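Contents: one structure, followed by commentary.
The values are calculated or read from the model by the stated rules, or taken from the named source; none is laboratory data. These numbers were taken from a predicted model, which means no experiment stands behind them. All Cβ positions, glycine included, derive from the backbone under ideal geometry; neighbour counts span all protein chains shown. Only protein heavy atoms, including side chains, enter the accessible area calculation; ligands, DNA and RNA are left aside. Shrake-Rupley method; radii C 1.70, N 1.55, O 1.52, S 1.80 Å.
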Amino acid sequence: MKIHHPSKKVSLNVPLVSSKSESNRALIIQACAKESIQLSNISMARDTQTMMRLLDSGDHTLDVLDAGTTMRFLTAYTAANNRPSLMTGTARMQERPIGILVDALRTLGAEIEYQKNDGYPPHEIKSFNQVSEKVSIRGDVSSQYISALLLVAPTLPKGLELTLEGTVASKPYIMMTLSLMERFGVKYTWEENIIKVTHQDYQSGEYTIESDWSGASYWYSIAALSEECDIKIMHLREDSLQGDKAIVEMMEQLGVKSTFEADGVRLSKMEKAEKFYFDFTHCPDLAQTIVSLVAAMGMEGRMIGLQSLRIKETDRIAALQNEIRKLGLEIEVIGDEEIRVPKGGIKIEGQSIHTYEDHRMAMAFAPLSMLGELNIDEPEVVAKSYPSYWEDLAAAGFVTEE
């Protein structure tokens, strides 16, 4: 799909999609609760809709497609609820590790068998009989393993005492999980590296899902690359639970000011910094947006804390390196944790951006078409988290052609 923006001027209110991260956590809480929990503004993202469908399904085989969060959360949910299930997904999903979570569930008392390769889906949950409440898990791989265990912790007969080993990555996502649990009456303690949740019931209540800060990041990128902008992103909260609210701080370096209002946040232009630096340990889903934007702005940048990007929908570090190279710039990758963007900028001349079946590759690179025409391969991948993305961009003046 070809895309460009003829005027480079953007003025609109963005009816942003609701948070997939909040929606997925709230749905597991709702499913675990004995009392009624009413949720509103549930995400229409494919991942969340898949979660809803499978939670309501009585099927033995649960196919999560390409939804990593759904795979992890449902693995813990079906095990803790002693619901025999065969967990499977796409070919790429079967290459994404699940062993850390499975090992933890086995320690707690789950019987789980791999169907193909040890440590990877598909895997079958056979039964669950809690034998221990104590389990240790690495904190530096994916916070979703930790959140999956925490969400079901109150339902476990012995509760859960979870020890986080080493550095804890994506800590805001763990805090989001705990805060939502607390919102529905669950008490916990987190002292040093140990989180304790006793056996208890989720309480009834109502909750409205916030708009998605990850989705907001693409509008910040558009604001940074525009010549003039007055963009208001609706229904984002200054006191948000989402870790990707870090985009506000990042974008101050990249020339975008955030002004919070009663019903959202307004973006406007400001002076940018000479160089960009940020640690993405706690907000890795913003990395593609920022790396591509820093390259497009011709700035020098250093991004660290990227270790989880290798095991996402694709190897996102390699994908960024490949696609930015097409635009005439060679970024430097240092190990699995760091990317350096040299000063100089890129050239947009109708190149095709391969998306690797990764929704965030499509959405991170599309704003670069403010600088010239790009071709985005497989534009439909945005359905995973932001189904209305291309329609919203059209409302902002972007022109697309199949």
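The table below lists the values:
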| item | result |
| --- | --- |
| Solvent exposure of segment 1-47 as accessible area per residue, Å², 1.4 Å probe | 40 Å² |
| Added length on full extension, which subtracts the Cα-Cα distance from 0.36 nm per residue, GLU227 to GLN200 | 4.3 nm |
| Overall form of segment 291-369 per C-alpha gyration tensor (a/c, 1.5; a/b vs b/c) | oblate |
| Amide H partners (placed H, <5 Å) of ALA169, local residues excluded | ASP140, VAL141 |
| Prolate/oblate/rounded call for segment 1-153, Cα gyration tensor, a/c under 1.5 rounded | prolate |
| Spacing of the two label points (7 Å from each Cα toward its C-beta) at SER179 and GLU300, in nm | 3.6 nm |
| ASP59 paired with LYS269, simple spin-label distance in nm, labels 7 Å along Cα-to-beta-carbon | 5.1 nm |
| Cα gyration tensor, segment 1-53 - rounded (a/c under 1.5), prolate or oblate | prolate |
| Cross-link reach list, lysines versus LYS158, counting only Cα pairs under 28 Å and skipping chain neighbours closer than eight places | LYS34, LYS126, LYS134, LYS171, LYS187, LYS196 |
| For segment 305-380, accessible area per residue (1.4 Å probe, heavy atoms of protein chains only), Å² | 38 Å² |
| Net length gained if the chain between THR400 and GLU349 were fully extended (0.36 nm per residue, minus Cα distance) | 16.8 nm |
| Rounded to the nearest 20 debye, dipole of segment 266-402 from Cβ charges on Lys, Arg, Asp, Glu | 540 debye |
| Dipole moment magnitude, nearest 20 debye, the chain about Cα centre, only Lys, Arg, Asp, Glu C-beta charged | 300 debye |
| Of every Cα-Cα pair in segment 189-321, the percent that sits beyond 25 Å | 37 percent |
| 14 Å Cα-Cα reach of LYS257 towards aspartates and glutamates, excluding residues that sit fewer than 8 places from it in its own chain | GLU228, ASP230, GLU238, GLU249, GLU271 |
| Most positive-pole-ward Cα, ILE231, GLY159, TYR188, against dipole of segment 154-277 from beta carbon charges | GLY159 |
| Selection from MET270, VAL248, THR259, by position along the positive dipole direction of segment 138-284 (Cβ) | VAL248 |
| Translational diffusion of segment 39-80, µm² s⁻¹ [Kirkwood Rh, Cα pairs; Stokes-Einstein; 4 °C; 1.567 mPa s] | 121 µm²/s |
| Largest to smallest principal axis extent of the C-alpha atoms in the chain, angstrom | 61, 45, 41 |
| Cβ-placed point charges (K, R +1; D, E -1), dipole of segment 1-140 about Cα centre in debye, nearest 20 | 660 debye |
| Two-site label geometry, SER127 and VAL333: point separation in nm, points 7 Å out along Cα→Cβ | 4.5 nm |
| For peptides 217-227, 55-65, sequence by mean Cβ density within 10 Å, most packed first | 217-227, 55-65 |
| Qualifying trypsin sites (Lys or Arg not before Pro) in segment 310-348, DSSP loop, other Cβ atoms within 10 Å at most 15 | LYS343, LYS347 |
| Charge dipole of segment 259-402 about the Cα centre (unit charges at C-beta), most positive-ward option of GLY328, ALA364, LEU309 | GLY328 |
| Alpha-carbon centroid distance for the pair segment 1-67 / segment 325-402, whole angstrom | 22 Å |
| Surface accessible to a 1.4 Å probe, MET297 within the full protein complex, Å² | 40 Å² |
| Förster radius 22 Å - calculated FRET efficiency between GLU113 and SER136 (Cβ-Cβ, nearest 0.05) | 0.50 |
| Segment 227-281 - percent relative contact order, Cα under 8 Å, separation 6 or more | 41 percent |
| Whole-Hz couplings from phi, Karplus 6.51/-1.76/1.60, listed for segment 347-364; x for Gly and Pro | 10, 9, 9, x, 5, 9, 9, 7, 9, 6, 6, 10, 4, 6, 5, 4, 6, 6 |
| Sequence-distant residues sharing a close amide H with VAL14 (under 5 Å, placed H) | LYS232, ILE233, MET234 |
